1. Would you confirm whether any residue within region 127-137 is farther than 30 Å from Gln172 by Cα and touching a residue at least 12 places away in the same chain (Cβ under 8 Å)?
2. Could you tell me which residue of region 50-78 is farthest from the chain's Cα centre (by Cα), considering only residues that are exposed (fewer than 13 other Cβ atoms within 10 Å of the Cβ) and under 19 Å from Ile206 (Cα atoms)?
3. Which condition number does His61 fail, the rest of (1) over 19 Å from Lys145 (Cβ atoms); (2) modelled with pLDDT of 95 or more being met?
4. Looking only at residues that are farther than 16 Å from Cys205 by Cβ and in contact with a strand residue (DSSP E or B) (Cβ under 6 Å, 6 or more places away or on another chain) in region 1-21, which one is surrounded by the fewest Cβ atoms within 10 Å (Cβ to Cβ)?
5. Does any residue in region 200-225 that is within 15 Å of Pro92 (Cα to Cα) come within less than 7 Å, Cβ to Cβ, of a residue that is of a type in the set (Gly, Ala, Ser) six or more places away or on a different chain, and which pairs are these?
6. Can you give me the number of residues within region 172-194 that are crowded, with 17+ Cβ neighbours inside 10 Å and aliphatic (A, V, I, L, M)?
7. Can you confirm whether Ile183 is under 19 Å from the mean Cα position of the chain (by Cα), farther than 17 Å from Leu14 by Cβ, aliphatic (A, V, I, L, M) and outside any loop (DSSP other than H, G, I, E, B)?
8. Which of the residues spanning region 202-215 are surrounded by fewer than 19 Cβ atoms within 10 Å (Cβ to Cβ) and closer than 13 Å to Arg96 by Cα?
Amino acid sequence: MILSSHQSGYFPYLGYFQKLDAADIFIVMDSVDYSSGDFISRNRIKTKDGTQMLSVPCSHHAGEKIKDVRISNQIWRKKHLKSIKQNYSKAPHFQRYESWLEKLYAIEWTKISDLNWHILKAIVAELEIDTKIIRMSDHEFSGQKSELILDMCLQLNCDHFIFGANGKDYAQPKLFYDAGVSISFQEYQHPIYSQLHGDFIPNMCILDLLMCKGGDSLDVIRGKE
């Protein structure tokens, strides 16, 4: 049984979904500290002028958990929807997602974690990924870094954990080995696919792939196209 995890994210990039797809269970880590420097409340789309960052305005204080961070105003919703439409209206699969996006941005979201959870669940369903997804805040896990991850594995009866590439900086292999849990590290090579607006730019948010490839998006993530 394979487990993986990542922080809550706003329209995450392709590597996020590759790691999710490779696991049997995926934990959205919403009980860890919020950081405005991460991609919890922002991400990139592609435009004719390069990339544009879409940021959800959040009000937070030091040490506040992602699950508790509140969205500070509602002006962003119209701006994000307008930017997506302006830059992807000519994409092959824009109409497939237009109605869903309009409904998404019609809701007055209060917390960033709830917005991200809604987006993630919808995209996983669209990609037809059958990984079980749970929120960290719905469980009582304990510890920090490797100890926390091992506790997740033991509580969920998982015997393998997939770290992100940066996990090599803090993972304690012996800790897992002694507990009978094997580990690996994500080695994600970003696929190249046909985009709008000129030369290919990697690491766009998942919307870019969906708009361009539609129902073939999971094959692209898996490197089959």
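1. First pass over region 127-137, keeping only residues farther than 30 Å from Gln172 by Cα: 127-128.
Of the ones still in play, those that are also touching a residue at least 12 places away in the same chain (Cβ under 8 Å) are 127-128.
Taking every residue of region 127-137 in turn, at least one turns out to be farther than 30 Å from Gln172 by Cα and touching a residue at least 12 places away in the same chain (Cβ under 8 Å).
2. Applying the filter and picking the extreme gives Gly50.
3. (2)
4. So the first thing to find is which residues in region 1-21 are farther than 16 Å from Cys205 by Cβ, and the list is 1-5, 21.
Pick out the ones that are also in contact with a strand residue (DSSP E or B) (Cβ under 6 Å, 6 or more places away or on another chain) and you get 2-5.
Values: Ile2: 17, Leu3: 22, Ser4: 26, Ser5: 23.
The qualifying residue surrounded by the fewest Cβ atoms within 10 Å (Cβ to Cβ) is Ile2.
5. Filtered contacts from region 200-225: Leu209/Ser217; Leu210/Ser217; Met211/Ala91; Cys212/Ala91; Cys212/Ser194.
6. 2
7. On the way: under 19 Å from the mean Cα position of the chain (by Cα): no; farther than 17 Å from Leu14 by Cβ: yes; aliphatic (A, V, I, L, M): yes; outside any loop (DSSP other than H, G, I, E, B): yes.
So Ile183 fails the test.
8. We begin by selecting, within region 202-215, every residue surrounded by fewer than 19 Cβ atoms within 10 Å (Cβ to Cβ); these are 202-203, 214-215.
Scanning region 202-215 gives Gly214, Gly215.
The values are calculated or read from the model by the stated rules, or taken from the named source; none is laboratory data. Note that the coordinates shown come from a computational prediction; the quantities given were computed from them, not determined experimentally. Quick reminder, even Gly has a Cβ in these numbers, built from the backbone with ideal geometry, and neighbours come from all protein chains shown.
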